[in-house]
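Visitor: Sending over a structure as structure tokens; questions will come in a sec.
Every number here is computed from the coordinates shown, using simple stated rules; none is lab data. This structure is a prediction, so every number in the text was calculated from the model and none was measured. As a convention, Cβ positions derive from the backbone with ideal geometry for all residues, glycine included, and neighbour counts pool all protein chains shown.
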Amino acid sequence: MSPRAACRLEQLGFHRVYDYTAGKIDWIAAGWPTDGPGPAEPRVLSAIDPNVPTCNLGDKVRDVRRRLGPQITSCVVINDYRIVAGRLEHLDSLDSEDPRPASEVMRPGPTTIRPSDNLGEVRERMRAKNVPQLLVTTPDGELLGLLYPD
């Protein structure tokens, strides 16, 4: 059905037509909007904080500390496409003149969740396990924001 619909749209004059083969679940997991009948359970996407301290893989620790200031003690390490690579933690305990790049100091592969996850269930697990925050990413690993338990 999808290729036929794409063909028909092209016949109608649309030039930028795509066949999204990954499917509905991938669409939802990426945090893109959906429609449907009836009320939906709240998703993580509705509660994320997009203001996340970040730095790039090649940023020097000393420069990250200066840019973020003393009140920020961790940041998410991303690449040029905002793909999460790791986390710089305990910035306040690192040497303020540390010349190493974030890629050498970061904790790789932090836990992430998807924006399509059920908000109530995720927050319940966070409270039960005393998790202060979770990174929210697309299925491809692109940073969307942080979720807090409350």
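Visitor: Mind listing the long-range amide H neighbours of R43? Cut-off is under 5 Å, sequence gap 5 or more, other chains count too, H placed in the peptide plane at 1.01 Å from N.
Guide: Hits under the 5 Å cutoff: L119.
Visitor: Of the options A22, L91, L57, report the single residue whose Cα projects farthest towards the positive end of the charge dipole of the chain (beta-carbon charges: Lys, Arg +1; Asp, Glu -1).
Guide: Of A22, L91, L57, it is A22.
Visitor: Within segment 1-107, list the chymotrypsin sites (Phe, Trp or Tyr not before Pro) lying in a DSSP loop whose Cβ has at most 10 other Cβ atoms in a 10 Å radius.
Guide: Answer in residue order: F14, Y18, Y81.
Visitor: If I take every Cα pair under 8 Å that is 6 or more residues apart in the chain, average their sequence separation and divide by the length, what percent do I get for the relative contact order?
Guide: Relative contact order comes out at 26 percent.
Visitor: By the gyration tensor of its Cα atoms, with a ≥ b ≥ c the square roots of the eigenvalues, what is the shape of the chain: rounded for a/c under 1.5, prolate for a/b over b/c, or oblate? Write out the running numbers ahead of the final one.
Guide: Numbers: a/c = 3.40, a/b = 1.71, b/c = 1.99.
Oblate, since a/c reaches 1.5 and b/c is not below a/b.
Visitor: List the GluC sites (Glu not before Pro) within segment 55-150 that DSSP assigns to loop and that have no more than 13 neighbouring Cβ atoms inside 10 Å.
Guide: E97
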